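I have placed the structure first, in the form of structure tokens, so that the comments after it can refer back to it.
The values are calculated or read from the model by the stated rules, or taken from the named source; none is laboratory data. The structure displayed is predicted, hence computed values, not measured ones. No Cβ is skipped: glycine too gets one built from the backbone with ideal geometry, and neighbour counts run over all protein chains shown. For the accessible areas, the whole protein counts, side chains as well, though only heavy atoms, and no ligand, DNA or RNA atoms are used. Shrake-Rupley method; radii C 1.70, N 1.55, O 1.52, S 1.80 Å.
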Amino acid sequence: MRYEGHVPLIYRPSVHAWSLHQEGSLCAQHCLNNLLQGEYFSPVELSSIAHQLDEEERMRMAEGGVTSEDYRTFLQQPSGNMDDSGFFSIQVISNALKVWGLELILFNSPEYQRLRIDPINERSFICNYKEHWFTVRKLGKQWFNLNSLLTGPELISDTYLALFLAQLQQEGYSIFVVKGDLPDCEADQLLQMIRVQQMHRPKLIGEELAQLKEQRVQKTDLEHVLEVNDGTGMLDEDEEELQRALALSRQEIDMEDEEADLRRAIQLSMQGTSRNRCQDIPQTSGSHPTSEELRKRREAYFEKQQQQQQQPAPPGQLTHLCEKSSTSCEAPDRDLGDSMSEEDMLQAAVTMSLETVRSKTEGKK
């Protein structure tokens, strides 16, 4: 709830006190203090008034004789002015307000209704249903519902006031008009000069407590899940499936990374082999060889390949991929392709690859 101005100066019991009066417990005390806007009455003082009223009733009953059946029945009955829960009767509230010169008139009584007084022209009301009491009071130029079962004051517009009171009557509430001059309070003085605007209406304390409890349960569940994920507990089926899905996803990412690294390594290796091959091939100078020269070089190359296949090269001796008379790496491939068929070139490439691998293996040995 957000208010503009100094509405927080409106008196209301502490949060602890507001959480105690459900089911009528101490609500009469909070009702009176909200009406007077201060800590004017305590449970002890209201209990003292209740005991005084009980004694007055006992004395009246005793006038008919202390040995009468009515008197003995009266003594056996619990007090009608207070009980162990903290509830106090309308007689206790009325007597407490007399100290301040205030009087209570039943709002829905025929006598008051004949006066046809507009509720807006009153200053405050006290409402009761069964064992619950609360105050509706005008502070400054605005009305507020000071129900102690709410988390804070509820702003009531002038146009809504009559409808609000009529709704309470339909729900079975007894409404009392407070007649007399209320004591001055700081909230009333400040709200005479300013008006407040309520952005969010207050909730019932029970709803807020239930919401806080639900938030605490959710927080506890979240902490439990985090604890389980750290390996200190057992995961349920949904969490286990999630963990397995995450593990598989990480494995697939790792495999993709490994495959990418392998492809890069092969590419770099091929580039390195191509550079080494170009460096190992002797360069020829001069003009391009004739077709006859290419034919002779090709015959010489195949002759040499057959000799190498029949007699393995001695350890440590590297076999060049091309004869010295071969064309350089810078020569276009299409010159060689003019005099060699695709099958011959494929066979030559496979043979050169095998010889290169064999030479490197024997060199390492």
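What residue, among those in the stretch 200-214 that are of a type in the set (Lys, Arg) and at pLDDT 70 or above, is least open to solvent (accessible area, probe 1.4 Å)? So that I can check it myself, show each step before the final result.
To start, the set of residues in the stretch 200-214 that are of a type in the set (Lys, Arg) comprises 201, 203, 213.
Next cut, at pLDDT 70 or above only: 201, 203.
On the way: Arg201: 138, Lys203: 91 Å².
The extreme case among them is Lys203.
Might you check whether a residue that is modelled with pLDDT under 90 and under 18 Å from Leu168 (Cβ atoms) occurs anywhere in the stretch 96-105? Steps first, answer last, please.
The first filter runs over the stretch 96-105 and keeps only residues modelled with pLDDT under 90, leaving none.
Looking through the stretch 96-105, none of the residues is modelled with pLDDT under 90 and under 18 Å from Leu168 (Cβ atoms).
Residue check, Ser25 against (1) among the polar types (S, T, N, Q); (2) over 16 Å from Thr135 (Cα atoms); (3) modelled with pLDDT under 90, all met but one. Which one?
Of the numbered conditions (1) among the polar types (S, T, N, Q); (2) over 16 Å from Thr135 (Cα atoms); (3) modelled with pLDDT under 90, the odd one out for Ser25 is (2).
For a quick check of your reading: which strands (runs of 3 or more DSSP E) sit entirely within the stretch 50-161 and have at least 3 residues that are open to solvent by less than 60 Å² (accessible area, probe 1.4 Å) and within 23 Å of Cys185 (Cβ to Cβ)? First the steps, then the outcome.
Working: elements: 103-106, 124-129, 132-139, 142-146, 154-156.
Fully inside the stretch 50-161 and qualifying: 124-129, 132-139, 142-146, 154-156.
When both residues are 6+ apart or on different chains and their Cβ atoms are under 6 Å apart, which pairs have a first residue that lies in the stretch 137-156 and is within 19 Å of Val177 (Cα to Cα), and a second that is modelled with pLDDT of 95 or more and hydroxyl-bearing (Ser, Thr, Tyr)?
Going by the 6 Å Cβ cut-off, the qualifying pairs are Arg137/Ser124; Leu146/Thr135.
Just to check your reading of the model, which residue among Asp181, Asp230, Asp238 is modelled with pLDDT of 75 or more and surrounded by fewer than 13 Cβ atoms within 10 Å (Cβ to Cβ)? Reasoning before the result, please.
Values: Asp230 fails: modelled with pLDDT of 75 or more; Asp238 fails: modelled with pLDDT of 75 or more.
After applying the criteria, what remains is Asp181.
Could you list, in sequence order, all residues of the stretch 40-79 that are acidic (Asp, Glu) and more than 60 Å from the chain's Cα centre (by Cα)?
Answer for the stretch 40-79, where residues must be acidic (Asp, Glu) and more than 60 Å from the chain's Cα centre (by Cα): Glu63, Glu69, Asp70.
Would you mind stating whether Leu75 is at pLDDT 95 or above and hydrophobic (A, V, I, L, M, F, W, C)?
Details: at pLDDT 95 or above: no; hydrophobic (A, V, I, L, M, F, W, C): yes.
Here the answer is no, as Leu75 does not meet what is asked.
Out of all the residues in the stretch 162-175, which are on the phi < 0 side of the Ramachandran plot and either assigned to a loop (DSSP other than H, G, I, E, B) or out of contact with any Phe, Trp or Tyr (no Cβ under 6 Å at 6 or more places or on another chain) (or both)? Spell out how you get there, then give the answer.
Taking the stretch 162-175 first, the residues on the phi < 0 side of the Ramachandran plot are 162-171, 173-175.
Once the filter is applied, which keeps residues that are on the phi < 0 side of the Ramachandran plot and either assigned to a loop (DSSP other than H, G, I, E, B) or out of contact with any Phe, Trp or Tyr (no Cβ under 6 Å at 6 or more places or on another chain) (or both), the stretch 162-175 yields Ala162, Leu163, Phe164, Leu165, Ala166, Gln167, Leu168, Gln169, Gln170, Glu171, Tyr173, Ser174.
Only residues that are more than 23 Å from Val92 (Cβ to Cβ) and of a type in the set (Gly, Ala, Ser): list them for the stretch 133-184, please.
Across the stretch 133-184, the qualifying residues are Gly140, Gly152, Ser157, Ala162, Ala166.
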